[in-house]
Amino acid sequence: MKKILGFLKAVLVLIILFIIGFLSFNLFMKIIVDHKQEEKTPNVVGMSFETARQVCKKNNLYLEEIKRINIDDFPQGQIISQEPNPGIMTKRFRTVKVVVSDGPEMVSIPYLANLSVTQAKLTLENAGLKLGVKNYRYSDEVQKDLVVKSSPLAEERVPRGSSVDVIISLGQIQGSNNKYDKYKDLLDDLNQ
């Protein structure tokens, strides 16, 4: 009987110690976790980084740019996505990680002078651009049916997918060796 009584006392002490430990652990976790210290994550998508930083600061959160990508739908410097998502409860002084737009991808316009229209179109397509409006004019320097120049000019940077207009040579004005006479003839043709 004494053995059973000693065993029951030991079990009772263990149960009491378990309950005290469980309650202490819960109290300790409440102090550490402190759910009162949570903030609702603001929606910073579409904001500039600086504006989003101010919004996060007001909500006791930090802001970190983790990546920049080229995207046509968002202007340069605007936030594209965030983690954690808007509306999620998060601990104060945690970091909201964002991806920022670098704007549309910019490409350089290739040299098109003295290329045929077909060659110019292929060159533009290889650069991620499109052939735009074709205008024609006389040229003493460039042979007929070749590109005189582009607009925008070669080496300018434009968003990928932009159209590039070209001026195509009609060759030299016929019937005159003197530059003054050539332009006079051209103006006379336009006035008729």
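What to note about this one:
- Meeting the requirement of 2 or more residues that are under 25 Å from K40 (Cβ atoms) and free of Cβ contacts under 8 Å to residues at least 40 places away in the same chain, the strands (runs of 3 or more DSSP E) wholly within region 76-135 are 79-83, 95-101.
- Selection within region 93-122: residues that are among the polar types (S, T, N, Q) and out of contact with any Gly (no Cβ under 9 Å at 6 or more places or on another chain). The member of this set that is nearest to I79 (Cα to Cα) is T95.
- Only a single criterion out of (1) surrounded by 13 or more Cβ atoms within 10 Å (Cβ to Cβ); (2) of a type outside the set (S, T, Y); (3) within 24 Å of Q172 (Cα to Cα) is not satisfied by K144, namely (1).
- Of the residues making up region 122-172, those that are of a type in the set (A, V, I, L, M, F, W, C) and farther than 28 Å from G103 by Cα are V142, L146, V147, V148, I167, I168, L170.
- In region 114-134, the residue that is nearest to P159 (Cα to Cα) out of those that are loosely packed, with under 12 Cβ neighbours inside 10 Å and of a type in the set (S, T, N, Q) is N126.
- Residue in region 65-81 that is farther than 30 Å from G161 by Cα and not assigned by TED's automatic domain parsing to the domain that holds R160 present: no
- Residue match in region 26-48 (condition: exposed (fewer than 11 other Cβ atoms within 10 Å of the Cβ), on the phi < 0 side of the Ramachandran plot, modelled with pLDDT under 95 and of a type in the set (F, W, Y)): yes
- Exclusive hit being in contact with a helix residue (DSSP H, G or I) (Cβ under 9 Å, 6 or more places away or on another chain) and of a type in the set (G, A, S), set G77, G103: G77
The values are calculated or read from the model by the stated rules, or taken from the named source; none is laboratory data. Everything numeric in this text was worked out from a predicted model, so none of it was measured. FYI the Cβ positions are ideal-geometry reconstructions off the backbone, even for glycines, and counts take in every protein chain you see.
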